[in-house]
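K.L.:
Shown below is the structure under consideration.
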Amino acid sequence: MKILVTGAAGFIGSKLMFMLARRGDEVVGIDNINDYYDPRLKYGRLRECGITCAATEMEWGVPYQSMLLPRCRFIRMAIDDKESLDALFQRERFDKVMNFAAQAGVRYSITNPYAYLQSNLVGFLNILEACRNFGVRHLIYASSSSVYGMNEKVPYSEDDKVVSPVSLYAASKKSNELMAHAYSKLYGFATSGLRYFTVYGPWGRPDMSPMLFARAISKGKPIKVFNHGDMIRDFTYIDDIVEGTMAVIDHQPVAEQCEHGVPYKVYNIGCSHPVKLMDFISEIEQACGREAEKEFLPMQPGDVYQTNADTTKLETECGYKPHWTLHEGIAMFMEWYQSEKNPLR
């Protein structure tokens, strides 16, 4: 298959691009490489995929061939650039598209709301239109566990109503699901949304708690513990996330087997074994070999008390089964964090 991966310099996107190309798919990755967080991390992920062009030399719109993966190319491009995106789709004729490109971050959406409209709504509309106009059979896209918002029933199920988001980021992701359903109904191509729960592992985002905690603890600085430590998260190791995503890519919805005859699916993808925040911190402390100095703070705007995934649907329909324990995953993360591969250590 020929697959487009957007957000290919991101945490999940870069690992997925590598794994798809390694198994033999022809993969084109695109990313605008913005400075929402330190771009050195993004270029480091690309180097892991064999994209070795120096940051100062990477031009917009120019394909870069992987030196490790013969069937992998990368192009610096933004999904809100409709003209360039359409030209790419027309030239490449993708079979499937995996869309990770989006403005990330729940808290960032509180102070920078317009960034989310441009990328998460306008950009996603450009992806839908390109899929419609250029014969893409299956669009898979990143949604988020944040769509569950103020839901109190746990574990979260795809059948639950999601009408109470607590951040603009969450609202934009629910909007993506609604837009995808409309396009599947109107134009007949398949769409699959993935509600990712808290992902961690090597090359993770520096604004997420694992990296924040590891950096602070390693340097003997205090960590911020929100809601006074009384939070629960469905932490999921990156390799399990990528394995599950590939299973969904390979499992295209069929209209006759979907509700109302619309080839549309939404799946939770998490570990389904939620962990108390203080236990997660304890694992990082053990891996660092030192206890953290903790600054206990109230709940932050846009945060939720717990995330807890019911992954039965993904397991039943796509054969998904997470393998990594928290202890194993934290050990792998900390090994990377303390190594020379980490450009931010």
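The values are calculated or read from the model by the stated rules, or taken from the named source; none is laboratory data. What you see is a predicted model, and the numbers here were worked out from it, not measured in a lab. Positions of Cβ are backbone-derived with ideal geometry, glycine not excepted, and every protein chain shown enters the neighbour counts. Areas reflect the complete protein model, heavy atoms only, side chains present, ligands, DNA and RNA absent. Shrake-Rupley method; radii C 1.70, N 1.55, O 1.52, S 1.80 Å.
K.L.:
Place a point 7 Å from the Cα of LEU344 along the Cα-to-Cβ direction; which residues of the stretch 81-108 have their backbone N under 20 Å from it?
P.N.:
100-108
K.L.:
Another one. Whole Å is fine, so just give me how far the alpha carbon centre of the stretch 147-182 lies from that of the stretch 1-39.
P.N.:
Between the Cα centres of the stretch 147-182 and the stretch 1-39 lies a distance of 25 Å.
K.L.:
Looking at this model, which pairs from LYS96/LYS173; LYS15/LYS42; LYS2/LYS96; LYS42/LYS265; LYS224/LYS276 are more than 18 angstrom apart at the alpha-carbon? Show your work: numbers first, answer last.
P.N.:
On the way: LYS96/LYS173 20 Å; LYS15/LYS42 11 Å; LYS2/LYS96 7 Å; LYS42/LYS265 30 Å; LYS224/LYS276 15 Å.
Checking Cα-Cα distances, LYS96/LYS173; LYS42/LYS265 exceed 18 Å.
K.L.:
Hey, what do the phi angles of the stretch 187-204 turn into as Karplus ³J(HN,Hα) couplings, whole Hz, using 6.51/-1.76/1.60 and θ = phi - 60°, x for Gly and Pro?
P.N.:
My calculation for the stretch 187-204 gives 10, x, 8, 7, 9, 10, x, 10, 8, 6, 9, 4, 9, 9, x, x, 6, x Hz in order.
K.L.:
Multiply the residue separation of LYS221 and GLU293 by 0.36 nm, subtract the distance between their alpha-carbon atoms, and state the gained length in nm to one decimal. Walk me through the numbers on the way to the answer.
P.N.:
On the way: separation 72, 0.36 × 72 = 25.92 nm, distance 0.66 nm.
Additional length available on full extension: 25.3 nm.
K.L.:
Let me ask something else. What part of the accessible area of the chain, given as a whole %, is carbon or sulfur when the probe is 1.4 angstrom?
P.N.:
Working: 7720 of 14910 Å².
C and S fraction of accessible area: 52 percent.
K.L.:
Once Lys and Arg get +1 and Asp and Glu get -1 on their Cβ, which of TYR237, MET299, SER272 lies farthest toward the positive end of the dipole of the stretch 234-302?
P.N.:
Of the candidates, MET299 comes out farthest on the positive side.
K.L.:
I'd like to check one number: the per residue accessible area of the stretch 9-118, probe 1.4 Å, reported in Å² as a whole number. Mind showing how you got there, number by number?
P.N.:
Values: 5020 Å² over 110 residues.
Counting only protein heavy atoms, the per-residue value for the stretch 9-118 is 46 Å².
K.L.:
For labels at GLU83 and ALA54 in the simple 7 Å Cα→Cβ model, what's the distance in nm?
P.N.:
3.1
K.L.:
At what distance in angstrom do the alpha carbon centres of the stretch 253-288 and the stretch 104-141 lie from each other?
P.N.:
21
K.L.:
Another question, if that's okay. For a paramagnetic label modelled at 7 Å from the Cα of VAL62 toward its Cβ, which residues of the stretch 20-51 fall within the zone defined by backbone nitrogen distances under 20 Å?
P.N.:
Only 28-35, 39-40, 42-51 pass the distance filter.
K.L.:
Sort 34-41, 268-275 by the packing proxy (mean of other Cβ within 10 Å over each peptide's residues), most packed first.
P.N.:
Working: 34-41: 14.8, 268-275: 22.9.
Output ranking for 34-41, 268-275: 268-275, 34-41.
K.L.:
How much area per residue is accessible in the stretch 145-209 when the probe is 1.4 Å and only protein heavy atoms are counted (Å²)?
P.N.:
Working: 2590 Å² over 65 residues.
About 40 Å² of surface per residue is accessible.
K.L.:
For the stretch 159-198, what is the charge dipole size about the Cα centre, in debye to the nearest 20, if Lys and Arg each add +1 at the Cβ and Asp and Glu each add -1 at the Cβ?
P.N.:
Details: 5 positive and 3 negative charges, 15 e Å.
It works out to roughly 80 debye.
K.L.:
Can you bin the chain into rounded, prolate or oblate? Criterion: square roots of the alpha carbon gyration tensor eigenvalues sorted a ≥ b ≥ c, rounded for a/c under 1.5, prolate for a/b above b/c, oblate for the rest. Can you show the working numbers first?
P.N.:
Details: a/c = 1.65, a/b = 1.24, b/c = 1.34.
Oblate.
K.L.:
Counting only C-alpha contacts under 8 Å and six or more residues apart, can you give the relative contact order of the chain as a whole percent? Kindly include the intermediate steps, with their values, before the conclusion.
P.N.:
Numbers: 693 pairs, mean separation 59.9, N = 345.
It rounds to 17 percent for the chain.
K.L.:
Classify the stretch 281-345 as rounded, prolate or oblate from the Cα gyration tensor: take a ≥ b ≥ c as the square roots of its eigenvalues, call it rounded if a/c is under 1.5, otherwise prolate when a/b beats b/c and oblate if not.
P.N.:
oblate
K.L.:
Below 10 angstrom from the Cβ of ALA9, what's the summed charge of the other residues (Lys, Arg +1; Asp, Glu -1)? Walk me through the numbers before you get to the answer.
P.N.:
Numbers: positive: LYS42, ARG45, ARG76; negative: ASP31.
Local charge sum for ALA9: +2.
K.L.:
Between beta-carbons, use under 10 Å as the cut-off and find the net charge around GLY319, counting Lys and Arg +1, Asp and Glu -1. Don't skip to the answer; put the middle values down first.
P.N.:
Values: positive: LYS321; negative: GLU243, ASP250, GLU315, GLU317.
Net charge in that neighbourhood comes out at -3.
K.L.:
Answer with one residue from SER172, SER218, MET150: the one whose Cα lies farthest towards the positive end of the charge dipole of the stretch 134-257, charges on Cβ with Lys, Arg +1 and Asp, Glu -1.
P.N.:
Projecting each Cα onto the dipole axis, the largest value belongs to SER218.
K.L.:
Further, regarding this structure: Given a cut-off of under 8 Å on Cα pairs at least six residues apart, what relative contact order in percent is computed for the stretch 260-345? Let's see the in-between values first.
P.N.:
Working: 44 pairs, mean separation 35.8, N = 86.
With pairs under 8 Å counted, the relative contact order is 42 percent.
K.L.:
Taking 0.36 nm per intervening residue step and subtracting the Cα-Cα distance, what contour gain separates LEU212 from SER164 on full extension?
P.N.:
Values: separation 48, 0.36 × 48 = 17.28 nm, distance 2.82 nm.
The span from LEU212 to SER164 would gain 14.5 nm if fully extended.
K.L.:
Taking a label point 7 Å from the Cα of TYR114 along the Cα→Cβ vector, which residues of the stretch 18-36 have an amide N closer than 20 Å to it?
P.N.:
34-36
K.L.:
Assuming a ≥ b ≥ c are the square roots of the Cα gyration tensor eigenvalues, decide whether the stretch 107-186 counts as rounded (a/c under 1.5), prolate (otherwise, with a/b larger than b/c) or oblate.
P.N.:
Numbers: a/c = 2.91, a/b = 1.35, b/c = 2.15.
In terms of gyration-tensor shape, oblate.
K.L.:
How much FRET efficiency would the formula 1/(1 + (r/R0)^6) give for GLU285 and ARG91, where r is the Cβ-Cβ distance and R0 is 45 Å, rounded to 0.05? Walk me through the intermediate numbers first.
P.N.:
Working: r = 51 Å, r/R0 = 1.13.
Efficiency, rounded to the nearest 0.05: 0.35.
K.L.:
Give me the one-decimal nm value for the distance between modelled label points at THR325 and VAL122, 7 Å along each residue's Cα-to-Cβ direction.
P.N.:
Between THR325 and VAL122, the label points sit 4.9 nm apart.
K.L.:
Go through ASN34, PHE74, GLY50 and say which Cα lies farthest out towards the positive end of the charge dipole of the stretch 1-84; charges sit on Cβ, +1 for Lys and Arg, -1 for Asp and Glu.
P.N.:
With unit charges placed on the Cβ atoms, the residue in question is GLY50.
K.L.:
Please report the net charge: other residues with Cβ closer than 11 Å to the Cβ of SER66, K and R +1, D and E -1.
P.N.:
On the way: positive: ARG22, ARG47, ARG71, ARG73; negative: GLU48.
The answer is +3.
K.L.:
Which aspartates and glutamates does LYS161 reach when only Cα atoms under 15 Å apart count, and residues fewer than 8 places away in its own chain are ignored?
P.N.:
Hits, sequence-local ones excluded: GLU152, GLU177, ASP310.
K.L.:
Please get the size of the charge dipole for the chain, origin at its Cα centre, with Cβ charges of +1 on Lys and Arg and -1 on Asp and Glu, quoted in debye to the nearest 20.
P.N.:
Working: 38 positive and 42 negative charges, 109 e Å.
With Lys and Arg at +1 and Asp and Glu at -1, about 520 debye.
K.L.:
Could you tell me the relative contact order of the stretch 40-98? Use alpha-carbon pairs under 8 Å, at least six residues apart, and round to a whole percent.
P.N.:
Numbers: 49 pairs, mean separation 13.4, N = 59.
Computed over the stretch 40-98, the figure is 23 percent.
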